[in-house]
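Notes follow once the structure below has been shown.
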Amino acid sequence: MTQTLSVEGPLRPSSGWRFVKPSVLPGFNIAFGYTLLWLGLIVLLPLAALVLRASGIGVSGLIALASEPRVAAALKLSFGLSFLAAAVNMVFGLIVAWVLTRYRFPGRRMIDAVVDLPFALPTAVAGISLASLYAPNGWVGSLFAPYDIKIAYAPPGIAIALIFIGLPYVVRTVQPIIVDLEQDIEEASATLGAYRWQTLRRVILPSLMPALLTGFALAFARAVGEYGSVIFIAGNIPFVSEIAPLLIITRLEEFDYRGATAIATIMLAISFSALFVINLIQAWSRRRFGDA
Amino acid sequence: MEIRIDRIAKEFGGSKALDGVDLTIGSGELVGLLGPSGSGKTTLLRIIAGLEMPTSGSIFFDSDNASGWTVQERRVGFVFQQYALFRHMSVFENVAYGLRVRPKKTRPHETDIVRRVASLLDLMQLGDYGRRFPAQLSGGQRQRVALARALAVEPRVLLLDEPFGALDAAVRKELRSWLRTLHNKTGHTSVFVTHDQDEALELSDRVAVLNRGRIEQVGTPDAIYDSPRTPFVFGFIGTSSRIAVTIAGGQVSLDGSILPLTPAALPDGPATLYVRPGDFTVADGANGSIHGLVTVQRRIGPVRRIEVAVGAARALVEIDIPAHRTFEIGKPVSISLLRAAVFPEAGGIEPVCVETALMPSVLPLHQPSRWHA
């Protein structure tokens, strides 16, 4: 009797395209189905409803709405300040994360816990306390009032609120990466003659860049959607300190549902493109790192 | 360049990592620091590099006292066990790094950088890999990139910390002989750390054996292997068996019967006899000097190794015999010593280790000079 070696079986190498790579882990079907259902129910369904509702006015209508002066000003303010706040957080969040991971000092764990407070605090509470602090008669605001610098009830106040709520995102994304940075690499750089700032600029920062970008994206996304803390400190003056989410609320209160969903859709589109670009940059840097 | 290490000590939170180490590394020499983990060998290497500051003692680069120099000023080439390559830079940029970070005045022109990096990559047989990233290379290739990067700055001394520790056995062997060839070609003064005695003995011009923060012995691989000066070195290098003996009036005896060894001036008291597996002869009869029972025999490569329980304490002694000979388990045999070393335990807590000229009187002596103190 001749015996033939067969390659039949569940793990037979497949020559054609397959939806999923063969794996010894069972349960792909149910897990994947569950993932799709969940994402669809929780994320895609509301967004689809939003777009559907807004689609009544058409693309040209959306563009016309976006170029309406008050809407344009609000969108510019929201995205501009969110970008600024995320950029500030990227720098200072990195410093905070660096200090918390690289040095051992009394109270380190306390400070580490304080970083999470903006996560935990109801945003309205944060907004009210920030507003009272930075108002012209507040502790900090009164220092600037004599120079005619207005913080609360003006764009700088919005920026401060957005920085406040975004900080933990950068710190918490960068922190584990700094912990994992091998000390070897810094030592290698030093033995090759590089001084501290050269090591920082040429070795450490590029290694942290993907995590910093992720932190930036999270802080940015959070800032764009932030409502609670901003309305208390913003002053909400049209064309000056009115953010896009507030404009949506205003439209809703005027029973202009289509206008509200249209502005929301524009925000969604801009946010999505921004996150998409950040993801592209990350994919590119990850490919170079080779640990994709 | 010659490196002189002068009474270097290093304490980490009260525990002594190095305890007064003296060592001179000649210009162009390849020296291996060998020792078990925790012996202080890596600490010593890092102190030479300036990555660690000694608690006391000095380092001299030729005649200059380099103790106060920073890492950057020392210009050493340091190769890390885990390569420590810059992951976001190509192989080429990794190697060029040390040249690019130089101040403008001493930085070579871009064309010179390209030329030098290319020639180093050729030397490392990595000529085609310049544009790859470290993650795309094998372990052996990465270690060669690390070596090229260290050599690019024209270091005064090349320091390698367990350079092959993270590689698999075959690659390690290949890279080992390749490094020896490279050293012969470039002639850098080099120091490397290893816990692998084969690596140390094969690669080094001289080996320094470290134990608990002290150098136990420095010498050529021949000297280290053939005439260990301390019990630690005897036990750490190669295989050896220990037999507890007593010394009385210069005579060495096991359980009261005097061993036919050349007497020497040794302090009376308990002592330990160290013997290598190949330095015995075994016979069925009773004309040897030590009697024992065969307990185990197994084939080890080209030889057969038997374990014999000897003396009242039934100390197990490992003996190599030709593969064609076999013994029955439990059979009494008699053993003669060809060569041995005895270390008396006289002295306080630390045993005073005396190397002696002990030779079996029943056998023709060969190379008696080997056991000179």
With a cut-off of at least 3 residues that are among the small types (G, A, S) and surrounded by fewer than 19 Cβ atoms within 10 Å (Cβ to Cβ), name the helices (runs of 4 or more DSSP H) lying wholly within the stretch B:93-197.
B:169-186
Taking only the stretch B:30-44 into account, find how many residues are under 13 Å from B:Q197 (Cα atoms) and among the polar types (S, T, N, Q).
1
Checking A:A86 against (1) open to solvent by less than 40 Å² (accessible area, probe 1.4 Å); (2) in a helix (DSSP H, G or I); (3) touching a Phe, Trp or Tyr at 6+ places or on another chain (Cβ under 6 Å); (4) modelled with pLDDT under 95, the condition it does not meet
(4)
Looking only at the stretch A:177-204, filter to residues that are within 21 Å of B:R46 (Cβ to Cβ) and more than 7 Å from chain B (Cβ to nearest Cβ); which one of those is surrounded by the most Cβ atoms within 10 Å (Cβ to Cβ)?
A:S189
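Rundown of residues vs (1) more than 14 Å from chain A (Cβ to nearest Cβ); (2) under 29 Å from B:G28 (Cβ atoms); (3) of a type outside the set (K, R), yes/no style:
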{"residue": "B:A96", "(1), (2), (3)": "no, yes, yes"}
{"residue": "B:T106", "(1), (2), (3)": "no, yes, yes"}
{"residue": "B:V117", "(1), (2), (3)": "no, yes, yes"}
{"residue": "B:R132", "(1), (2), (3)": "no, no, no"}
{"residue": "B:E162", "(1), (2), (3)": "no, yes, yes"}
{"residue": "B:R172", "(1), (2), (3)": "yes, yes, no"}
{"residue": "B:T181", "(1), (2), (3)": "yes, yes, yes"}
Which of the residues spanning the stretch B:24-60 are outside any loop (DSSP other than H, G, I, E, B) and of a type in the set (S, T, Y)?
B:T24, B:T42, B:T43, B:S56, B:S58
Of the candidates A:R287, A:R258, A:R251, the one satisfying the condition of being more than 23 Å from A:G166 (Cβ to Cβ), within 14 Å of another protein chain (Cβ to nearest Cβ) and over 21 Å from the mean Cα position of the chain (by Cα) is A:R287
Please determine whether any residue of the stretch A:273-283 is within 14 Å of chain B (Cβ to nearest Cβ) and open to solvent by less than 60 Å² (accessible area, probe 1.4 Å).
yes
Taking the stretch B:60-77, which residues are more than 8 Å from chain A (Cβ to nearest Cβ) and of a type in the set (G, A, S)?
B:S63, B:A66, B:S67, B:G68
Hey, A:R102 hits all of (1) farther than 30 Å from A:I178 by Cβ; (2) more than 22 Å from the chain's Cα centre (by Cα) but one; which does it fall short on?
(1)
Of all strands (runs of 3 or more DSSP E) fully inside the stretch B:243-304, the set with 3 or more residues that are at pLDDT 80 or above, surrounded by fewer than 20 Cβ atoms within 10 Å (Cβ to Cβ) and in contact with a strand residue (DSSP E or B) (Cβ under 8 Å, 6 or more places away or on another chain) is B:269-275, B:290-300
When every residue in the stretch B:78-90 that is facing chain A (nearest Cβ under 7 Å) and over 21 Å from the mean Cα position of the chain (by Cα) is compared, the one most open to solvent (accessible area, probe 1.4 Å) is B:R87
Test for A:R172: is it within 14 Å of another protein chain (Cβ to nearest Cβ) and of a type in the set (K, R)
no
Mind checking which residues of the stretch A:109-124 are in contact (Cβ under 8 Å) with a residue 60 or more places away in the chain and surrounded by 12 or more Cβ atoms within 10 Å (Cβ to Cβ)?
A:T123, A:A124
Per the filter on the stretch A:216-238, residues in a helix (DSSP H, G or I), out of contact with any Gly (no Cβ under 6 Å at 6 or more places or on another chain) and crowded, with 18+ Cβ neighbours inside 10 Å are A:F216, A:A217, A:L218, A:F220, A:A221, A:V224, A:V230, A:I231, A:A234
So which of A:S241, A:S207 is surrounded by 14 or more Cβ atoms within 10 Å (Cβ to Cβ), touching a residue at least 24 places away in the same chain (Cβ under 8 Å) and not in a helix (DSSP H, G or I)?
A:S241
Out of all the residues in the stretch B:61-71, is one or more of a type outside the set (D, E), out of contact with any helix residue (DSSP H, G or I) (no Cβ under 7 Å at 6 or more places or on another chain), in a strand (DSSP E or B) and open to solvent by less than 20 Å² (accessible area, probe 1.4 Å)?
yes
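The values are calculated or read from the model by the stated rules, or taken from the named source; none is laboratory data. This is a predicted model, so every value here is computed, not measured. All Cβ positions, glycine included, derive from the backbone under ideal geometry; neighbour counts span all protein chains shown. These area figures cover heavy atoms from the full protein model, side chains too; ligands, DNA and RNA do not enter into them. Shrake-Rupley method; radii C 1.70, N 1.55, O 1.52, S 1.80 Å.
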